[in-house]
Structures are given as C-alpha cells and as structure tokens.
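A short worksheet on the structure shown next.
The values are calculated or read from the model by the stated rules, or taken from the named source; none is laboratory data. Just so it is clear, the structure is predicted and the values come from calculations on it, not from any experiment. A quick note on method: Cβ atoms are made from the backbone with ideal geometry, for glycine too, and the neighbour counts reach across all protein chains shown.
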C-alpha cells in the first residue's frame with residue numbers, strides 16, 4: 001500500500017520548521033539527529049472534551065485478525081487501524097491482556113484508540129498464564145511484527161511506538177519499556193509485577209490504578225511503580241474511584257480519555273492534548289487520586 005505524507009498547511013509548516021532548524025545547525029556546525037528528525041504527523045481536528053470522551057473518534061477504522069500460527073514470539077491478535085491515510089503515518093501501540101485473559105478482555109481499546117488516529121494491536125499471549133516479563137517480550141515481538149511484517153506496516157511510523165497492558169500485561173508494559181528505551185509512551189492498567197523499581201524506564205508513563213483493587217492493590221503495585229519512575233520526561237498516576245482490578249476489561253471513559261491524551265501527547269508529540277493532562281483534574285468523581293509531573 002502506498003501512503004502519502006500530509007499536505008495540510010500545518011504539516012507543511014512543521015516540516016519547514018524542522019528543515020530550517022537543520023539548516024541553521026549545519027551552518028553553525030552543530031546539527032544533531034534530533035534537530036534533523038521529521039516531526040510526527042498531526043492527526044485529527046483540534047481536540048475537545050467531547051472528542052476525547054466520545055465512544056469513537058474522527059477516523060473510520062478497519063481491523064485484521066492475525067493468527068498465532070502466522071507469528072513468532074506471541075499469540076497473534078487483532079490489528080485496528082485508521083482507513084484514512086491522508087494525514088501521513090500513524091504511531092502504533094500494542095496492548096497485552098492480563099493473567100488468564102485473552103485479547104477479548106481488552107478488545108474495546110482497539111477501535112476506541114484507533115479511531116483517534118493510532119494503529120492498535122490487541123494481542124493474545126503464548127499462554128494465558130504467562131508472567132509479566134514474558135508478556136514484555138511478547139509486546140516487543142508484536143511491535144516487531146507490526147512494523148516489519150504486518151499488512152499495515154506502511155501506515156506506521158516505526159519511531160513512534162508504545163505499549164499498554166492490563167494486570168500482568170501492565171507489569172509487562174513497564175518491563176518492556178525498561179528493556180526498550182526506544183519506546184515513546186507506556187500506559188499500564190491496574191498493573192501487577194513483583195518488581196517495584198522501574199527507575200530505569202525512560203518513556204513517559206501513565207499508571208492507571210483502581211481504588212478498590214484487591215488483586216493488585218495500588219499501595220503495593222501502581223503507587224510504588226509510579227513513585228519509582230523518573231520525573232523526566234514525564235509521568236502521571238491516575239486512580240479510578242471505587243473501581244476494581246477488572247475496570248480496564250470493559251469500556252471506560254476515564255481510561256479512554258486519559259489514555260488517548262497520553263498517547264497523543266507523547267507518541268505523536270501533539271501538545272494540543274496537554275489541556276487534558278495539565279493541570280491535574282479536580283472534582284472528577286471518577287478519579288480518587290491523580291498525581292503527575294505536569295507541566296510536561
């Protein structure tokens with residue numbers, strides 16, 4: 001499939017800005033790879049509270065089933081992707097289910113995120129009893145498949161990849177970021193892991209815990225994970241009021257709103273979504289605790 005870069009005025013301006021910066025750097029003899037790198041493509045109209053909480057975003061979505069027999073290193077899954085490619089390449093995120101779970105337990109996140117302008121891979125693991133470190137390896141294997149072998153690889157910017165996961169999959173997402181410093185964003189959902197120190201994670205991380213979680217109590221998992229993360233380049237902790245460990249297994253507007261905003265902000269470098277992350281929300285009955293290193 002052939003994909004055209006965006007020709008929108010905003011996209012052209014951003015690229016012109018990067019080229020100008022690179023030229024100035026060459027003149028001064030101090031150009032860096034970061035200066036010369038092309039910025040992310042901007043996807044979708046200006047966001048609003050209504051757009052980030054809507055059941056579907058502005059993009060039409062298609063999906064493709066990936067058999068476990070056709071891949072190596074994980075258990076297959078389903079790829080959800082936007083069908084409108086006019087605005088350029090998309091960031092991509094892989095999502096792991098939790099202990100004893102299958103991709104069905106996180107399936108709602110696929111179309112919800114993809115309709116906001118991401119390629120999303122909800123995966124099955126090799127075994128439903130796989131531990132977090134194994135799930136970390138499988139998340140990485142699924143990203144490798146997405147960017148190298150999948151039918152939608154030409155839609156994806158391979159420099160803008162993230163991971164999410166529920167429970168042991170959430171712990172796996174933290175371990176994946178620890179192992180792969182190239183990842184750009186991490187969103188663990190009611191995560192579980194015996195390791196409590198993730199100070200080596202270099203990707204911006206949004207930890208989402210649940211107030212009434214008795215399987216991975218926030219005092220033993222989500223909060224220690226958050227506290228161990230470095231302040232730079234950014235982190236946040238969101239606690240779902242009155243929610244259980246299994247809150248991420250069904251459609252949840254709060255998870256969607258903050259997950260979308262985090263991925264947009266850090267996978268796409270789209271600062272239009274700062275408004276939903278900074279300052280921290282106040283008076284939202286769905287949130288019992290929110291901490292962050294805002295502003296980013």
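Mind counting the residues in the range 31-74 that are over 15 Å from residue 114 (Cα atoms), assigned to a helix (DSSP H, G or I) and modelled with pLDDT of 95 or more?
Going through the range 31-74 one residue at a time, the tally reaches 5.
Residue 130: surrounded by fewer than 18 Cβ atoms within 10 Å (Cβ to Cβ) and over 16 Å from residue 261 (Cα atoms), yes or no? Reasoning before the result, please.
Numbers: surrounded by fewer than 18 Cβ atoms within 10 Å (Cβ to Cβ): no; over 16 Å from residue 261 (Cα atoms): yes.
The answer is no for residue 130.
Anything in the range 163-179 that is farther than 16 Å from residue 248 by Cβ and crowded, with 23+ Cβ neighbours inside 10 Å? List them, or say none. Give the derivation first.
Step one: of the range 163-179, the residues farther than 16 Å from residue 248 by Cβ are 175-179.
Answer for the range 163-179, where residues must be farther than 16 Å from residue 248 by Cβ and crowded, with 23+ Cβ neighbours inside 10 Å: 175, 176, 177.
Give the residues of the range 185-225 that are in a helix (DSSP H, G or I) and crowded, with 24+ Cβ neighbours inside 10 Å, sorted by residue number. Step through it out loud before you land on a result.
Looking only at the range 185-225, we keep the residues that are in a helix (DSSP H, G or I), and these are 222-225.
Those that are in a helix (DSSP H, G or I) and crowded, with 24+ Cβ neighbours inside 10 Å: 222, 225.
Keeping to the range 253-296, report how many residues are under 14 Å from residue 53 (Cα atoms) and either more than 16 Å from the chain's Cα centre (by Cα) or surrounded by fewer than 18 Cβ atoms within 10 Å (Cβ to Cβ) (or both).
So the answer is 4.
Cβ-Cβ distance below 6 Å, separation of 6 or more or different chains: which pairs start in the range 139-151 with a residue that is farther than 14 Å from residue 96 by Cβ and end on one that is in a helix (DSSP H, G or I)?
Pairs found: 147/153.
Taking residue 246 as meeting all but one of (1) crowded, with 21+ Cβ neighbours inside 10 Å; (2) in contact with a helix residue (DSSP H, G or I) (Cβ under 9 Å, 6 or more places away or on another chain), write down the number of the exception.
(1)
Go over the candidates 213, 197 one by one and state the one that is farther than 29 Å from residue 271 by Cβ, at pLDDT 95 or above and in contact with a helix residue (DSSP H, G or I) (Cβ under 6 Å, 6 or more places away or on another chain). Don't jump to the end; show me each part of the working.
Working: 213 fails: in contact with a helix residue (DSSP H, G or I) (Cβ under 6 Å, 6 or more places away or on another chain).
Going through 213, 197 in turn, the sole match is 197.
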